[in-house]
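The values are calculated or read from the model by the stated rules, or taken from the named source; none is laboratory data. Small disclaimer: the values here were computed from a predicted structure and weren't measured. Heads up, the Cβs are rebuilt from the backbone with ideal geometry, glycines too, and the neighbour counts pull from every protein chain shown.
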Amino acid sequence: MSLDGWQPFWLGAPSRRLYAALHGVPGAPATGVVLVPPLLHELPRSRRFITEVASELAALGLPTLRFDFHGTGDSAGTGEDLDLSSMHRDLEAAVAALRQRTSIKRLALVAWRGGALAVRGWLERGGDADLIVLWEPIVDGAAWLRELVESDARERALRPPPRAGVARSTDPADGQLMGFPAPSRLRVELGETRIDQGLGRAAVPVWAVVRKDPEALPTGLAKTLTLPASAPSFSVGAAMDAAFFLTPPVREVVGNLGLAVREEAWA
């Protein structure tokens, strides 16, 4: 089944299947892209946006695969199953699926926000990519975790009183952050992961898509693209009505990124 130029499918074992979608006609492209999603509340809010980015890249001749990590989005499993090790397995499955369904010779990963922390471990475990693009990456997992805990407390305080007979949890011990399960092992792993000194694999060029004057970036970046000040922000709370889409100024950045991925030598 094809939906407006992209095809949804399942990948992985039936007991652990992942939702994925491939944008673009396979043909005989030289380069393909795997999109690595953000985590927790940032995934549903950016779902339309990432779908539109995938279509933009595919229109430039870059077959693009997007997917949901196990225990998130439309993939099997529950949020309690999510940790960095499971994300590494999912990344490997997504990369293998793109290679199997196309004839690409080069592979680029575009990772959003907390997805950048998963990419680091995947590379250290032998993950094979030719280019890594970090979109507004989380550089310090421990600092981000503290921000999430503080934001979670504010969100809980703002929740309206429950209807009669309906329980409302204001206790952070329920294991959730920003309305999504965040098991203790995931929190520990996030707190131990940093990418400020790069991704630990110098042979892979790393680019970044960031706002002007970001607070922190990994060292050793080969290329940086700047988002406009009007670009939608990931950091506006957990409200689903804050979902965003591809605005014309950001579409231009995506176009420039796609052309660079397709045409540059990545040195």
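Going by the structure shown, is ASP196 assigned to a loop (DSSP other than H, G, I, E, B), of a type in the set (D, E, K, R), at pLDDT 80 or above and surrounded by fewer than 17 Cβ atoms within 10 Å (Cβ to Cβ)? Answer is yes for this residue. In the range 52-61, the count of residues that are surrounded by fewer than 18 Cβ atoms within 10 Å (Cβ to Cβ), farther than 27 Å from ALA265 by Cα and not β-branched (Val, Ile, Thr) is zero.
Condition check ((1) of a type in the set (A, V, I, L, M, F, W, C); (2) within 19 Å of VAL119 (Cα to Cα); (3) in contact with a His (Cβ under 9 Å, 6 or more places away or on another chain); (4) surrounded by fewer than 19 Cβ atoms within 10 Å (Cβ to Cβ)) across all residues:
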{"residue": "TRP10", "(1), (2), (3), (4)": "yes, no, no, yes"}
{"residue": "PRO14", "(1), (2), (3), (4)": "no, no, no, yes"}
{"residue": "LEU40", "(1), (2), (3), (4)": "yes, yes, no, no"}
{"residue": "PRO44", "(1), (2), (3), (4)": "no, no, no, yes"}
{"residue": "ARG48", "(1), (2), (3), (4)": "no, no, no, yes"}
{"residue": "THR64", "(1), (2), (3), (4)": "no, yes, yes, no"}
{"residue": "GLY71", "(1), (2), (3), (4)": "no, yes, no, no"}
{"residue": "MET87", "(1), (2), (3), (4)": "yes, yes, yes, no"}
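Among the listed residues ALA93, ALA54, ALA111, ALA76, which satisfies the condition of being small (Gly, Ala, Ser) and closer than 13 Å to LEU22 by Cβ?
None of the other options fit; the residue is ALA54.
Is it the case, given these coordinates, that SER235 is at pLDDT below 90, part of a loop (DSSP other than H, G, I, E, B) and under 24 Å from ARG154 (Cα atoms)? The answer is yes for SER235. Highlighted here are the strands (runs of 3 or more DSSP E) found entirely within the range 15-118 that include at least 3 residues which are free of Cβ contacts under 8 Å to residues at least 60 places away in the same chain: 18-23, 64-67. If you scan the range 132-146, which residues turn out to be charged (D, E, K, R) and in contact with a strand residue (DSSP E or B) (Cβ under 8 Å, 6 or more places away or on another chain)? Within the range 132-146, GLU136, ASP140 qualify. Scanning the range 135-153 finds no residues that are within 22 Å of PRO29 (Cβ to Cβ) and out of contact with any Phe, Trp or Tyr (no Cβ under 7 Å at 6 or more places or on another chain). Residue check: is TRP144 among the aromatic types (Phe, Trp, Tyr) and within 16 Å of ALA182 (Cβ to Cβ)? Criteria met by TRP144. So, of the residues in the range 168-187 that are part of a helix (DSSP H, G or I) and at pLDDT 85 or above, which turns out to be nearest to LEU145 (Cα to Cα)? Here the residue is ARG187. Based on what the data block shows, is ARG113 of a type outside the set (A, V, I, L, M) and surrounded by 21 or more Cβ atoms within 10 Å (Cβ to Cβ)? When the stated conditions are applied, ARG113 passes them.
Looking at ALA97, ALA108, just one residue is surrounded by fewer than 24 Cβ atoms within 10 Å (Cβ to Cβ), in contact with a strand residue (DSSP E or B) (Cβ under 7 Å, 6 or more places away or on another chain) and either among the basic types (Lys, Arg) or at negative phi (or both), and that residue is ALA97.
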